[in-house]
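Written below as structure tokens is the structure these notes are about.
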Amino acid sequence: MIEATTRALTMALAMGWEILWPLILGFALSAVVQAAVSHRQMSQLLPDDRPRSIATALALGAASSSCSYAAVALARSIFRKGAHFTAAMAFEMASTNLVVELSIIMVALLGWQLTLAEFVGAPLMVALLVLLFRTFLTQNLLEPAKIQADKGVAGRMEGHAEMDMSVIEGGSLWQRMTSDRGLTAISHYFVMDWAAVWLDIVGGLLIAGALAAWVPNTFWQSFFLADHPVLATLWGPLIGPLAAVLWNGGISFGGVVAFIFADLIILPILNIYRKYYGLRMAGFLFVTFYVAMAAAALIVDLIFGSLALIPSERQARVVEASIAWNYTTWLNLAFLILAALLISCFLKTGGPAMLRMMNRPADHGSAHHHAA
């Protein structure tokens, strides 16, 4: 038992070391984007569910934090301020599927094919969701959800969602981002985004390490029907959103894509939907999100299969990770220095007080602003 546990922890540590520099780089780039993009007029940019508003929602989502909880909280916030519900949900999806840090990690661990599949599949998933909402979302369902949303029931990361530290005045983008206010905003976003997701990252690594160390590949190959290509293509996207799976274990290409999409229908977030919008809307979101995710993943699988873009060998580095003196180690050391500089700036500019506000409901009067 001790040996098995040690092996699982070693695998988790090695995976964490493998993705450390992509995480730091991704969060740093995300912090720069968030510091440059204001939330002030976001609601006004999403007045309906027309293509222009949905495209704007995708762009705004891609420029926001990758934390699922913050994305869900911010989606409710802009919905309460007048954004169209469908556009708010499109923003939420883009916030967790089109962000820079996710792409960097996917390239480092899973390769360019799955990264490309993510960028093809995410807009397709949003388009399918819009169609489902237009077909099945009624006023009888939406009006009680709006009433519930306006109650402001606390979920998670409320303060983080409300804080707007963007610097939108003061010269060119470079001048704004390298100014004292710009560097302060970047450091605050960087640390708070890490604080928002570190538990999820550690938990995911521990689960992945346990699965990689304890569960033989033969089980995954049997479970994901690896010996039946047609059935695997259909089965993978359907069960992808429900299981923590390993690409190397035999799940279909579309199943991996579906799993990546599925962070917005995990049980804690479904409970937040219930608090935010009521039980009926939470159920509606689960069903429509699930259908959109599975369908988009299946379509991506078929498209990539027809173009011969699905890797013939399953060599995701996440299950082969090891700590060694290679380019990963040197990149980790370099980006750890960058992280240390940002954390130092965060600590010197009132960051800890901001950090304590992350999980508190933030009203409009007390929300932190650097935009003026």
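Going through ALA334, ALA316, ALA282, ALA295 one at a time, which residue ends up being at pLDDT 90 or above and open to solvent by less than 30 Å² (accessible area, probe 1.4 Å)?
ALA282
Here are ILE54, ILE78, ILE104: which of them is of a type in the set (Val, Ile, Thr), open to solvent by 10 Å² or more (accessible area, probe 1.4 Å) and either at pLDDT below 85 or not in a helix (DSSP H, G or I) (or both)?
Values: ILE54 fails: either at pLDDT below 85 or not in a helix (DSSP H, G or I) (or both); ILE78 fails: open to solvent by 10 Å² or more (accessible area, probe 1.4 Å).
One residue alone meets the criteria, ILE104.
Restricting the search to the range 271-294, which residues are closer than 25 Å to VAL120 by Cα and not aromatic (Phe, Trp, Tyr)?
Passing the criteria: LEU285, VAL287, THR288, VAL291, ALA292, MET293, ALA294.
When you scan the range 138-157, do you find a residue that is modelled with pLDDT under 80 and crowded, with 22+ Cβ neighbours inside 10 Å, even just one?
Yes, the range 138-157 contains a residue that is modelled with pLDDT under 80 and crowded, with 22+ Cβ neighbours inside 10 Å.
Can you go through LEU13, LEU29, LEU110 and tell me which one is of a type outside the set (Phe, Trp, Tyr) and at pLDDT below 70?
LEU110
Criterion first (modelled with pLDDT of 75 or more and either farther than 29 Å from PHE136 by Cα or of a type in the set (Phe, Trp, Tyr) (or both)) does LEU20 satisfy it?
On the way: modelled with pLDDT of 75 or more: yes; either farther than 29 Å from PHE136 by Cα or of a type in the set (Phe, Trp, Tyr) (or both): yes.
Considered against the rule, which asks whether it is modelled with pLDDT of 75 or more and either farther than 29 Å from PHE136 by Cα or of a type in the set (Phe, Trp, Tyr) (or both), LEU20 comes out as yes.
Within the range 164-173, how many residues turn out to be open to solvent by 20 Å² or more (accessible area, probe 1.4 Å) and in contact with a helix residue (DSSP H, G or I) (Cβ under 9 Å, 6 or more places away or on another chain)?
4
Here's the yes/no breakdown for (1) modelled with pLDDT of 65 or more; (2) part of a helix (DSSP H, G or I); (3) open to solvent by 40 Å² or more (accessible area, probe 1.4 Å); (4) β-branched (Val, Ile, Thr):
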residue: LEU199; (1), (2), (3), (4): yes, yes, yes, no
residue: PHE219; (1), (2), (3), (4): no, yes, yes, no
residue: ALA232; (1), (2), (3), (4): no, yes, no, no
residue: TRP235; (1), (2), (3), (4): no, yes, yes, no
residue: VAL256; (1), (2), (3), (4): yes, yes, no, yes
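Mind checking which residues of the range 128-137 are touching a residue at least 60 places away in the same chain (Cβ under 8 Å) and either part of a helix (DSSP H, G or I) or loosely packed, with under 15 Cβ neighbours inside 10 Å (or both)?
If the condition is that a residue be touching a residue at least 60 places away in the same chain (Cβ under 8 Å) and either part of a helix (DSSP H, G or I) or loosely packed, with under 15 Cβ neighbours inside 10 Å (or both), then LEU128, LEU129, VAL130, LEU132, PHE133, ARG134, PHE136 are the ones that fit.
The values are calculated or read from the model by the stated rules, or taken from the named source; none is laboratory data. Worth saying up front: this structure is predicted, and the values here are computed from it rather than measured. No Cβ is skipped: glycine too gets one built from the backbone with ideal geometry, and neighbour counts run over all protein chains shown. With ligands, DNA and RNA removed, areas are computed over all heavy atoms of the protein, side chains included. Shrake-Rupley method; radii C 1.70, N 1.55, O 1.52, S 1.80 Å.
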